[in-house]
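The values are calculated or read from the model by the stated rules, or taken from the named source; none is laboratory data. Only a predicted model underlies this, so the values are computations on that prediction, with no experimental measurement involved. For neighbour counting, all protein chains shown are included, and Cβ atoms are generated from backbone atoms with ideal geometry for every residue, glycine included.
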Amino acid sequence: MDDKTRTELEAAAFRRLIEHLRARTDVQNIDMMNLAGFCRNCLSNWMKDAADAQGVPLSKDESRQLIYGMPYEEWRAKYQKEASAEKLATFEQARPKH
C-alpha cells in the first residue's frame, strides 16, 4: 500500500471514530480515560499538536470544536455528568502521561 492510500484510509477511520464519539454522548470522557487512557480532549490535543508541528494555526478551542462538533462548553453543558468519587480515584491512579 502506498503512503497516500494509507493516509486516506487512516483519515477515513479517524473521521468515523469522531462521528462515533459524537453520536455516543452517553460515553463520558472519564470513562474513556479510565478504560482506554485517552478521551475526546486527548484527540483534540493531538490534533492541535499535529497542526502546530505543521505550522497550521489552530487554537485549543478550535481543535476541541473539530472533535466535539460544537463548542466544548456547549458539549459539557449538554452531556457531561458529574464523575463519581470512584471514577475520579481510578483516573488519578492510572492518569496517562501523554
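Could you go through segment 87-94 and let me know if any residue there is in a helix (DSSP H, G or I), of a type in the set (G, A, S), without any contact (Cβ under 8 Å) to a residue 24 or more places away in the chain and more than 15 Å from N29 (Cβ to Cβ). Outline the logic, then answer.
Pass one, segment 87-94, residues in a helix (DSSP H, G or I): 87-94.
Remaining after also requiring of a type in the set (G, A, S): 89, 94.
Keeping just the survivors that are without any contact (Cβ under 8 Å) to a residue 24 or more places away in the chain gives 89.
The next check asks that each one be more than 15 Å from N29 (Cβ to Cβ); those that pass are 89.
Checked segment 87-94: at least one residue is in a helix (DSSP H, G or I), of a type in the set (G, A, S), without any contact (Cβ under 8 Å) to a residue 24 or more places away in the chain and more than 15 Å from N29 (Cβ to Cβ).
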Query raised in the report: Within segment 33-48, can one find any residue that is hydroxyl-bearing (S, T, Y), crowded, with 16+ Cβ neighbours inside 10 Å and either modelled with pLDDT of 95 or more or touching a Lys or Arg at 6+ places or on another chain (Cβ under 8 Å) (or both)?
Result: yes
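Which of the residues that make up segment 66-86 are small (G, A, S), outside any helix (DSSP H, G or I) and closer than 24 Å to I18 by Cα?
Of segment 66-86, the ones small (G, A, S) are 69, 77, 83-85.
Pick out the ones that are also outside any helix (DSSP H, G or I) and you get 69, 83-84.
Of everything in segment 66-86, those that are small (G, A, S), outside any helix (DSSP H, G or I) and closer than 24 Å to I18 by Cα turn out to be G69, A83.
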Report task. Filter segment 49-65 down to residues that are hydrophobic (A, V, I, L, M, F, W, C) and surrounded by fewer than 15 Cβ atoms within 10 Å (Cβ to Cβ), then give me how many there are. Result -> 3
